[in-house]
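The values are calculated or read from the model by the stated rules, or taken from the named source; none is laboratory data. Quick caveat: nothing in here was measured; it's all calculated off a predicted structure. We place every Cβ from the backbone using ideal geometry, glycine too, and count neighbours over all the protein chains shown. Surface areas here come from the heavy atoms of the whole protein model, side chains and all, with no ligands, DNA or RNA. Shrake-Rupley method; radii C 1.70, N 1.55, O 1.52, S 1.80 Å.
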Amino acid sequence: MEDLIKHQYSVGVLCKNIGIYIGLPLKEIKLLETAAFFHDIGKLFVPKSLLNKKEPLSIEEFEVVKMHSLYGAELLRKIGFDSIVVSAVRHHHERYDGRGYPDGLHGEKIPLCSRIIAVADAFDVMTAGRIYKKPISNDKAVEELIRCSGTQFDPEVVKIFVKMFKEEEAYV
């Protein structure tokens, strides 16, 4: 659970910084940050045995895990979150090429918040690692985002993230 909270916080901070960097209005930045923080809340309804499994998931197990975006969106809708947040959580696993889930949206049809969360989420997962995968360096993660730009990720969001990342790296 602690890893989930740390991940959600990290993704929230990355998304907030992207929102600031591209000049989104403050209200949209707050909605983006909120959606990013809650993007994986639906994993509370997925069996821990699947989330903690070290071996590859079966097709059936992966179908169960994929439901987390729907579970999370429905939970947030029921307790009164803004529809932008609900939509962003629902669609954060859509792919730019349309091969994502749950609705197979593609390109600009995917909400901007979801496209931003997808990049920040992937970067954090790659650099923090998972029970089934060792972390990689920030530079390797950026290379992977670039490699998947236009297929998994929105190329404009990746370009913005890379530019922001390189500028911030210059000040560290």
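Brief remarks on what is shown
- Whole-Å semi-axes of region 72-172's equivalent ellipsoid (Cα gyration tensor): 25, 15, 14
- Listed residues ALA118, ALA141, ALA35, most fluctuating in the chain (Gaussian network, C-alpha, under 10 Å): ALA141
- A Cβ-based charge dipole, computed about the Cα centre of region 1-140 with Lys and Arg at +1 and Asp and Glu at -1, lands at about 160 debye.
- Solvent-accessible area assigned to carbon and sulfur over the chain amounts to 58 percent, based on a 1.4 Å probe.
- Ellipsoid semi-axes for the chain, based on the Cα gyration tensor and the rule √(5λ), read 23, 20, 16 Å when sorted largest first.
- Placing R0 at 41 angstrom, the Cβ-Cβ distance between VAL65 and ARG147 gives a FRET efficiency of 0.95 after rounding to 0.05.
- Across MET67, MET126, the residue with the most accessible area heads the list, and the full order at a 1.4 Å probe is MET67, MET126.
- When the chain is treated as a GNM with alpha-carbon contacts under 10 Å, the residue of PRO135, PRO47, PRO155 showing the greatest mean-square fluctuation is PRO47.
- Mean projected area (nm²) of the alpha-carbon convex hull when region 125-172 is viewed from all directions: 3.6
- Comparing ILE110, ILE22, ILE84 in a Gaussian network model of the chain where C-alpha atoms under 10 Å apart are linked, the largest mean-square fluctuation is found at ILE22.
- FRET efficiency for ARG99 and LYS166, using Cβ-Cβ distance with R0 set to 45 Å, rounded to 0.05: 0.95
- Full extension of the chain segment joining SER49 with ILE5 gains 14.0 nm, where the gain is 0.36 nm per residue of separation less the Cα-Cα distance.
- Sparse-neighbour loop sites [chymotrypsin sites (Phe, Trp or Tyr not before Pro); region 60-163; at most 11 other C-beta within 10 Å; DSSP]: TYR132
- A 1.4 Å probe run over the chain, with the rest of the protein chains in place, finds 57 Å² accessible per residue.
- Residue by residue, region 11-20 carries 3J(HN,Hα) couplings of 5, x, 5, 4, 5, 4, 5, 5, x, 5 Hz when phi is fed to the Karplus relation 6.51 cos²θ - 1.76 cosθ + 1.60 (θ = phi - 60°); x denotes Gly or Pro.
- Across the chain, C-alpha contacts under 8 Å between residues 6 or more apart give a mean separation that, scaled by the residue count, equals a relative contact order of 19 percent.
- As a calculated quantity, the FRET efficiency between ILE20 and ARG77 at R0 = 25 Å, using C-beta atoms, amounts to about 0.40.
- Modelled label reach - GLU156, point 7 Å along Cα→Cβ, region 17-59 residues with backbone N closer than 16 Å: 18-25
- Accessible surface, 1.4 Å probe, highest first, among residues HIS7, HIS93: HIS93, HIS7
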